[in-house]
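Visitor: Sending over a structure as structure tokens; questions will come in a sec.
The values are calculated or read from the model by the stated rules, or taken from the named source; none is laboratory data. This is a predicted model, so every value here is computed, not measured. FYI the Cβ positions are ideal-geometry reconstructions off the backbone, even for glycines, and counts take in every protein chain you see. These area figures cover heavy atoms from the full protein model, side chains too; ligands, DNA and RNA do not enter into them. Shrake-Rupley method; radii C 1.70, N 1.55, O 1.52, S 1.80 Å.
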Amino acid sequence: MEINQDTHSKLIGYLLWIFGFLGAHRFYYGKPITGTIWFLTLGLLFIGWFIDLFLIPAMDREADIRYESGEVSYNIGWILLTFLGVFGLHRMYMGKWITGILYLLTGGLFLVGVLYDFWTLNDQISQRNREVRFG
């Protein structure tokens, strides 16, 4: 296992923080429950959103430890999901062509699939990286 793996980027984290009152940066760093709370409460009425400005470095370090680095980039996957999720490009990027095309034809499975991917994308990428590494 690589000790200094850098799976997530602070730059992407801060860019997603701009939309953080919707929980985007929290989903990115693998915190789907608080991401959902931020989404439903506008970042705890913007107070939690502002505090997260200072918590992003710690969330980044935690994500770097928690998730498996490899061929599939978390940054590219999250950018594709965040901005083009309904088209399934993030799934195609991970090599999941069938579900990617299904997302493309159904608007991200009527947005339910996109929501599912916001909750699970880090784990999906980590699993894919393990599969590529260990066969």
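Visitor: Determine the principal axes of the Cα atoms in the stretch 32-134, then give the extent along each, sorted from largest to smallest and rounded to whole angstroms.
Guide: Principal axes ranked by extent give 41, 33, 17 Å for the Cα atoms.
Visitor: Run the numbers for residue 75 and residue 53: contour at 0.36 nm per residue of separation, minus the present Cα-Cα distance, in nm.
Guide: In short, 6.1 nm is gained.
Visitor: Another question, then. Given a 1.4 angstrom probe, what's the average accessible area per residue across the stretch 59-135, in square angstrom?
Guide: Accessible area per residue: 55 Å².
Visitor: Work out how much length residue 45 to residue 33 would gain on full extension: take 0.36 nm times their residue separation and subtract the Cα-Cα distance, in nm to one decimal.
Guide: On the way: separation 12, 0.36 × 12 = 4.32 nm, distance 1.64 nm.
Separation in residues times 0.36 nm, less the Cα-Cα distance, equals 2.7 nm.
Visitor: What number in nm² do you get for the stretch 51-94 if you take the convex hull of its Cα atoms and divide its surface by four?
Guide: Mean shadow area of the hull around the Cα atoms is 3.8 nm².
Visitor: Further question on the same structure: Just report the Cα centroid separation between the stretch 57-103 and the stretch 104-122, whole Å.
Guide: 12
Visitor: How large, in percent, is the carbon and sulfur part of the accessible surface of the chain at a probe radius of 1.4 Å? Walk me through the intermediate numbers first.
Guide: Working: 5610 of 7590 Å².
Looking at the chain in its full context, I get 74 percent from C and S.
Visitor: Right, something else. Please identify the GluC sites (Glu not before Pro) of the stretch 37-135 that satisfy two criteria: DSSP loop assignment and at most 12 other Cβ atoms within 10 Å. Which are they? Walk me through the numbers on the way to the answer.
Guide: Values: sites: 62, 68, 71, 131; in loops: 68, 71.
Answer in residue order: 71.
Visitor: Check every DSSP H run in the chain and write down those whose alpha carbon atoms cover 24 angstrom or more along the long axis and whose mean Kyte-Doolittle hydropathy is 0.5 or greater.
Guide: Correct list, ordered by number: 47-66.
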